[in-house]
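FYI, it's all coordinate maths here, none of it is from the lab. Computed from a predicted model, the values in this text were never measured in an experiment. Please note: Cβ atoms are built from the backbone with ideal geometry, for glycine as well, and neighbour counts cover all protein chains shown.
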Amino acid sequence: MPRKLPPKDVVIIGLGWTGSILGYELAKAGLDVVAIERGPWRDTATDFPPGYSQDELRYAVRLDLFLRPDQETLTFRNNMNQTALPIRNFVSFLPGNGVGGAGVHWNGQTWRFLPTDFRLRTHLEQRYGKDALPADMTIQDWPLSYDEIEPFYDRFEKLCGTSGKAGNIKGVKQSGGNPFEGWRSSEYPTPPLKQGLGATLFAEAARKTGHTPFPQPASNMSEAYTNPLGMKLGQCTYCGFCERFGCGNYSKASPQTCVLPALLRFPNFTAQTESEVTRINLDSTGKRATGVTYVDTSGEEWEQPANIVLVCAYALFNVRLMLLSGIGKPYDAQTGQGVVGRNYAYQTTSSVAVILKDKILNPFIATGAHGMIVDDYNGDNFDHAGLGFVGGGYMGMGQTNGRPISTRPVPSGTPKWGARWKKATSETYNRAMSLSTHASSYSYKDCYLDLDPSYRDRLGRPLMRMTFDFHENELKMSAFLTERLAEIAKALDPVELTKNPRKGPYTLNAYQTTHNTGGTVMGGDPANSVLNRYCQSWDVHNVFIPGGASVFPQNHGYNPTDTVGALAYWTADAIKDRYLRNPGPLM
Amino acid sequence: MKPAAATPSRRVLLTSATAFLFSGTAVARARILNGGMPWEAGTATPPVPVRPGPWMFFTSDEAALIEAAVDRLIPADERGPGGKEAGCAVFIDRQLAGPYGGAAGLYMRPPFMPGASTQGYQSPDTPAARYRQGLKALAGYVRSAFSGKSFSNLDTAQQDEVLTGLESGSIALKDTKGADFFALLLQNTQEGFFADPIYGGNRDMAGWKLVGFPGARYDYRDWVGRHNEVYPLPPVSIMGRAEWTAKE
């Protein structure tokens with residue numbers, strides 16, 4: 001029997017971006033809040049000091065800050081005819097671990113989705129006809145509009161101090177920004193970061209080829225910034241140890257730099273680390289959660305009763321916790337019935353590698369999210385008629401590092417070792433760069449998450465099983481985007497250009513992105529969603545998944561964090577302003 | 001045991017420390033944080049520098065083979081030292097003797113089954129076990145193919161021939177996939193050549209000097225806008241620069 005603890009108003013499962021934001025908003029509203037985090041406590045001064053943060057082997061290769069698969073992993077297969085096998089080491093995507101979650105080691109790319117992304121199916125069917133979409137594509141409209149979420153994007157960007165240049169303020173186009181973006185209520189909190197030579201050359205080439213490049217929105221500080229919580233962030237030093245690393249300069253927005261010091265001042269907030277929630281407990285009706293059960297490091301089980309349960313783990317693990325807790329009907333891919341695990345999606349990335357003549361690019365002078373971007377081929381920013389696919393993505397030059405264990409390109413045809421490899425490595429390092437595309441991944445009937453029938457975790461619970469492959473629509477899109485990017489890259493007059501469009505099948509063997517989405521989708525209809533428009537469970541009204549990317553109905557052509565943060569604030573307001581007054585289903 | 005509740009007062013007293021929650025006879029371990037940001041001396045985890053000295057994982061025969069191999073994978077030339085002088089064998093030795101060698105943190109539960117190539121690595125063997133087995137098989141192959149010689153006694157052309165055959169899979173090793181073992185060896189050799197010198201390889205920052213990487217520097221604000229200029233400062237390690245540290 002688990003030991004029972006005194007009840008709390010709110011229990012938060014996982015203390016990353018969404019857990020920190022909800023914790024702050026609800027503690028500020030006077031509620032008694034406990035956040036239970038399975039990983040360790042982490043903060044800048046102790047865990048990311050600039051004396052040894054810049055260690056490529058430890059953090060980027062041995063993945064020191066990430067989740068260890070022996071604590072939790074998934075099984076994977078490309079299709080329903082295969083036997084899923086466990087992901088024994090994470091490579092293709094890297095879930096976070098510990099306080100701050102993936103918010104510690106993200107790059108800082110801070111993108112909003114397009115207004116049309118929020119009514120995707122309706123928009124595409126209106127513009128191209130119902131027959132334009134593949135029969136097994138299960139994309140759906142979001143249950144809220146861009147206009148509704150805009151103030152919450154604005155709030156999260158101000159929390160982060162995001163740097164950038166607006167392209168559209170209240171409907172008025174702004175030169176220098178993204179001409180395709182949805183309207184913004186205000187300019188970015190801080191001006192754009194400085195650009196290196198590679199991004200500058202890319203922007204020139206993009207302009208020459210008729211595109212409109214603009215600086216990538218980045219939650220890496222271009223200048224010192226104080227956020228609305230009073231947290232002070234320092235100017236980014238372009239150290240080139242950003243993604244996969246904690247920032248030792250307080251320059252990258254993270255729960256550590258933006259929320260936690262303010263949150264921990266509330267006497268009615270407690271964080272408890274190294275404690276893994278194993279299930280959400282339901283009362284005898286199954287319609288109300290009574291709290292959670294967790295295990296501590298000694299293996300002892302504890303029950304934490306609470307009036308509200310907020311599921312704030314990484315997207316994939318939100319889905320698993322719902323499946324293990326029996327909340328919502330599990331998705332059955334054979335029948336298409338059920339919702340939990342449905343509409344798992346990813347991201348479709350590709351690249352064009354170029355080697356320039358006589359240039360000194362200094363790729364090590366870098367930050368996670370600077371760079372120059374072209375958005376002409378994202379979402380439905382371009383006419384898809386006759387192209388044979390829907391969706392799109394942004395493309396550009398965003399060199400994030402020159403760390404040489406991983407980043408040391410050589411011309412094609414170079415041997416992988418020996419004297420010729422050494423010579424080529426030496427001669428190419430400073431004049432090569434990789435341009436990339438970052439594109440949508442729409443959802444399909446046969447891409448989903450469920451519980452694995454064979455493999456179990458260290459506590460004896462079934463692992464979650466991922467069934468996923470790229471579909472023809474995404475592969476055609478990637479080929480198209482990669483060609484457009486190569487056209488821009490040719491204007492750089494490279495001595496070598498290599499196109500790497502995304503090709504199937506999806507493989508675990510190379511890093512792509514940690515943008516795993518869907519599985520606990522928010523929507524307007526309980527038949528095709530787990531959560532209503534306030535990220536509240538349709539079935540158990542005091543369980544919310546406040547904005548983790550598991551709530552995305554499909555994935556769009558942008559990085560997910562800005563939308564995750566915006567939905568966290570959106571849900572926090574719904575709980576404070578509506579749910580607390582009248583606990584029950586919000587609609 | 002009675003289902004008693006843990007006392008909240010006890011938890012507050014133990015703010016920001018690893019707390020022991022007492023409940024009946026049970027002792028729970030978890031860290032409780034409340035009332036402000038914690039700071040405790042001695043909780044940071046800096047890397048432990050590798051020191052020269054006896055092999056920690058390799059036998060002397062294995063070490064001789066590895067040192068010869070890393071020196072062909074990264075040969076010495078006018079651009080700088082090779083893999084052996086740069087410490088790549090020491091790096092691999094210390095990595096295999098540590099958590100990496102034991103596959104620490106990886107999901108190692110059975111059943112192990114060969115999967116599709118898209119499903120990632122599926123062997124029950126740790127990196128340490130793969131080296132032990134791969135080196136034994138490689139030494140055996142060289143003995144029989146080169147009339148009893150060891151790899152380190154072959155001339156460099158013969159060594160390259162063996163490594164090329166391993167890489168392409170044209171050389172079959174006993175109980176070992178030669179190409180997989182080669183890929184692991186190459187990966188670890190290059191890690192050693194380009195990782196911070198604190199881990200035993202990249203001696204005198206040879207790998208970083210080869211490409212012009214400034215190492216563990218942490219501030220380029222004055223240089224980000226200076227395009228097409230060679231960065232002027234030499235590389236530094238987490239431990240500083242060689243001339244800053246006491247000579248052994």
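Brief remarks on what is shown
- Average other protein chain Cβ within 10 Å of Cβ, residues A:351-364: 3
- The 3J(HN,Hα) values that the Karplus relation (6.51, -1.76, 1.60; θ = phi - 60°) gives for the stretch A:309-314 are, in residue order, 10, 10, 8, 10, 7, 4 Hz. Gly and Pro appear as x.
- Estimated FRET transfer efficiency (B:ASP175, B:MET239; beta-carbon r; R0 41 Å; 0.05): 0.55
- The angle between the Cα long axis of helix B:127-145 and the longest principal axis of the Cα atoms of chain B comes to about 10 degrees, rounded to the nearest 10.
- Ranking A:CYS535, A:PRO151, A:TRP183 by how far each Cα lies toward the positive end of the dipole of the protein assembly as shown (charges on Cβ) leaves A:CYS535 at the top.
- Residues considered: B:ASN202, B:ASN188, B:ASN153. Largest GNM mean-square fluctuation over chain B, using C-alpha springs under 10 Å, is found at B:ASN153.
- Spin-label pair B:ALA44/A:ASN500, simplified geometry with 7 Å Cα→Cβ offset, distance in nm: 3.5 nm
- When each of the peptides A:447-455, A:249-257, A:518-526 is scored by how many other beta carbons lie within 10 Å of its residues on average, the order from highest to lowest is A:249-257, A:518-526, A:447-455.
- A dipole drawn for chain B from +1 and -1 charges on Cβ atoms has a positive end, and of B:PHE181, B:PRO81, B:VAL48 the residue lying farthest that way is B:VAL48.
- Packing-based exposure ordering (other Cβ within 10 Å, fewest first) of A:CYS312, A:CYS242: A:CYS242, A:CYS312
- Phi-based couplings in Hz for the stretch A:188-202 (Karplus 6.51, -1.76, 1.60; Gly and Pro marked x): 4, x, 9, x, x, 5, 6, 10, x, 5, x, 5, 5, 5, 4
- Residue separation of A:ASP136 and A:ALA29 scaled by 0.36 nm, minus their Cα-Cα distance, works out to 34.1 nm of gained length.
- Inter-chain Cβ neighbour count for B:78-84, averaged per residue, equals 2 (cutoff 10 Å, partner chain atoms only).
- Placing unit charges on the Cβ atoms of the charged side chains and taking the dipole of the stretch A:481-536 about its Cα centre, the candidate lying farthest along the positive direction among A:ALA510, A:LEU481, A:PRO494 is A:ALA510.
- Residue of B:LEU135, B:LEU233, B:LEU163 that the Gaussian network model of chain B assigns the largest fluctuation, springs spanning Cα pairs under 10 Å: B:LEU233
- For A:LYS252, a cut-off of 16 angstrom between C-alpha atoms picks up these lysines, skipping any fewer than 8 places away in its own chain: A:LYS158, A:LYS194, A:LYS232.
- Annotation: amide H-H contacts under 5 Å for A:ASP457 (H modelled 1.01 Å from N, sequence separation of 5 or more, or interchain): A:LEU463.
- Gaussian network model of chain B, springs between alpha carbon atoms under 10 Å - residue of B:ALA69, B:ALA30, B:ALA183 with greatest fluctuation: B:ALA30
- Residue mean of other protein chain beta carbons inside 10 Å, B:101-112: 6
- Projected area averaged over orientations for the stretch A:180-302, convex hull of C-alpha atoms, nm²: 13.5 nm²
- Using equal-weight Cα scatterers in the Debye expression, the normalised intensity of chain B in log10 at q = 0.07, 0.08, 0.12 Å⁻¹ is -0.40, -0.50, -0.87.
- By the count of neighbouring beta-carbon atoms within 10 Å, fewest first, A:VAL61, A:VAL495 end up ordered A:VAL495, A:VAL61.
- Cβ charges +1 (Lys, Arg) and -1 (Asp, Glu), total dipole of the stretch A:47-133, debye: 380 debye
- Highest-first packing order for the peptide set A:427-434, A:498-505, A:181-188 is A:427-434, A:181-188, A:498-505, based on the mean count of other beta carbon atoms within 10 Å.
- Two-site FRET efficiency, A:LEU580 against A:ASP358, from Cβ-Cβ distance with R₀ of 60 Å, rounded to 0.05: 0.40
- Over 20 Å apart at the Cα level, from the set A:LYS329/A:LYS445; A:LYS359/B:LYS209; A:LYS476/A:LYS503; B:LYS84/B:LYS209; A:LYS8/A:LYS28; A:LYS422/A:LYS490, are A:LYS422/A:LYS490.
- Principal axis extents of the C-alpha atoms in chain A (largest first, rounded to whole Å): 70, 58, 52.
- Full extension of the chain between A:SER185 and A:LYS445 yields a length gain of 89.9 nm, computed as 0.36 nm times the residue separation minus the alpha carbon distance.
- Scoring B:75-83, A:281-289, B:109-117, A:348-356 by mean Cβ neighbours within 10 Å over their residues and listing the highest first yields A:348-356, B:75-83, A:281-289, B:109-117.
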